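Comments concern the structure below.
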Amino acid sequence: MTLLNRLRVASEYGQESNRWVNYDIKPVEAERRTWTFWTYHNLWLLVNSNISSYMSGSSLIAMGLTWKQALVSIIVGNAVATVLVVLNSLPGAFYHTGFPLVNRYVWGLWGSFFVLWNRILLSLVWYAVQSWIGGEAIYVCLKAIWPSLETRIPNHMSPSTGMTTAQFVAYIIFMLLSLPIIYIRPHKLKPFFFFSAVTVGVFLLVVLIWSLATMGDSGFGDTISHPGSGGDGWMVAFGVVSTIGAIAAGILNQNDYARFAKRPRDAVLGQMIPFPLYGIICPVIGIVVTAATQNRYGEPLWSLPTLLEAVMDHGGGRSRAAAFFGGLALCVSQLGVNIPGNALSGGFDMAATFPQYVNVRRGAYFTALLSMVCNPWKLANTATTFLAVLSSYSVFLGPMVGAMIASYLIVLRRKIKVDDLFPAQTSASIYYYTYGVNWRAAVAWVCGTIPSLPGFIAHVDPSISVPVGLTRLFYICFLSGITISATVFIALHHFFPATKVQHFVDTAPPAHVLMQEYRERWEGEEDEDIAERLQEQPKP
């Protein structure tokens, strides 16, 4: 017991943790509501203007689409994703509750862990992939300083790993650079977002101008000039869903960020405008820059680190200096997307799983450490593998998003009894449902997932053949999953209502009144009611 007490999360601002909540999970009080429109603007510039987003055009073109079809997929995909991001962030914007708490009214107090653990898995995989890509940026910087880097650091890695010892060292350096930033509290990340956003924005603009200004008579490569026959409508639809799939994990847990909004409209407008803007601009820059440099370097170089290496190989000292600063900018970009998008996401969810012993800092560090077992050098090896990593998990995420949106907007009519999301007595909560699980959410998720599974299996293992109709259903898995799950969730709550929840919805004040009441409760530095109920929980 002594050891457990020592590991227990320290009391913060007079509030101790219990089984259901700690300081990092509780509704955000006014002191931590620091994110303005520009904070969200900078966040989405980082999330949608990183190396992965830049390369999304390559994934679509490698799939068989023309650059025009890829562009259509990117535009439509980002437009749809924007709607979903905004809708799924409303509880956080208006009630200041995060992703773990929101899922408790959807899935039940215990059932919500199913969604949390799925999101933790995604955080681990994505942190691993983005860290490996960040390591590639560090590798460029090191090679710009020491062109003979591979000789200075002899390779002891097996060819089957797909990497050299020098590349692994660069990956470790990036991981170490991430550690101090992970320590920063989410509501204090504004300066980091600003610095990173300016760095990334200037870098992408410089790369675009450089590629077009130095293209000369060589012209655009056949990426644009000879696009080929392209794919059919179903492949374009798959491109749209793949684009959405790249941000699907972010759509799922947007409440974790929306809850820090100074005003609800900061979160809504801060996502509605910057999200699609940069989600479209960055991939377009990727397509244009790749086409403009293709003839110069003899092949399309979709990866920015690879492009910077080509610049060094074909230039002199100035080119090496340019590549170094380019690699440095890319490193900042990867830190800007990886820390909030993956480390903090994993930190919040781990803190919700073990709130008495894990806070967001500990959870984020656990995410960084455990991500190394994902072998990111394997995941990021090829464009097709990269696309599969981006899109395939949409099969499971879409139905989760559908249930969340349907629950808040339709079933609950935007009315949440926030106190019952972290009760002193578990069974007393109206969101306890049946033994802590809302079976309606589970059934809705299964119904939304099953139709896409055959196509998903065939996509993962091409040797398996399934009817073309099932393959096409997989092409639109995220959208079909959302639609089916939301419909079933609403129908089940209509025909088999949860009595306590329905009574609250029918008798509670209008939603805007509830929102204002809770907002006023969170105005102080701490919520006295929460503090009192936390102290009621016996310590181990």
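Screening the candidates A267, A213, A248, A261 for the property of being of a type in the set (G, A, S) and without any contact (Cβ under 8 Å) to a residue 40 or more places away in the chain yields one hit, A213. The sole residue among G336, G279, G326 that is more than 16 Å from A137 (Cβ to Cβ), at pLDDT 90 or above, of a type outside the set (K, R) and buried (at least 21 other Cβ atoms within 10 Å of the Cβ) is G279. Scanning the stretch 424-461 for residues that are farther than 11 Å from W107 by Cβ, surrounded by 21 or more Cβ atoms within 10 Å (Cβ to Cβ) and touching a Ser or Thr at 6+ places or on another chain (Cβ under 7 Å) yields Y432, G448, S452, G455, F456, H459. Selection of the stretch 440-470 for residues being of a type in the set (F, W, Y) and touching a residue at least 60 places away in the same chain (Cβ under 8 Å) yields only F456.
Within the set S58, S73, S52, the sole residue that is of a type in the set (G, A, S), part of a helix (DSSP H, G or I) and within 16 Å of the chain's Cα centre (by Cα) turns out to be S52. Among the residues of the stretch 90-113, those that are among the hydroxyl-bearing types (S, T, Y) and under 16 Å from D349 (Cβ atoms) comprise T97, S112.
Condition test on V140, is it within 21 Å of the chain's Cα centre (by Cα) and aliphatic (A, V, I, L, M)?
No; evaluated as a whole, the condition is false for this residue.
Of the helices (runs of 4 or more DSSP H) entirely within the stretch 262-381, those holding at least 2 residues that are closer than 17 Å to A144 by Cβ occupy 304-313, 317-338. Scanning the stretch 127-159 for residues that are surrounded by fewer than 18 Cβ atoms within 10 Å (Cβ to Cβ) and over 25 Å from A321 (Cβ atoms) returns P154, N155, H156, M157, S158, P159.
Being at pLDDT below 90, part of a loop (DSSP other than H, G, I, E, B) and in contact with a helix residue (DSSP H, G or I) (Cβ under 8 Å, 6 or more places away or on another chain) is a condition met by no residue of the stretch 81-96. Within the stretch 399-411, at least one residue is surrounded by fewer than 19 Cβ atoms within 10 Å (Cβ to Cβ) and either under 18 Å from V102 (Cβ atoms) or touching a strand residue (DSSP E or B) at 6+ places or on another chain (Cβ under 7 Å) (or both).
The values are calculated or read from the model by the stated rules, or taken from the named source; none is laboratory data. Bear in mind that the values here come from a model prediction, so they are computed numbers and not experimental data. Cβ coordinates were reconstructed from backbone atoms using ideal geometry, including for glycine residues, and neighbour counts include every protein chain displayed.
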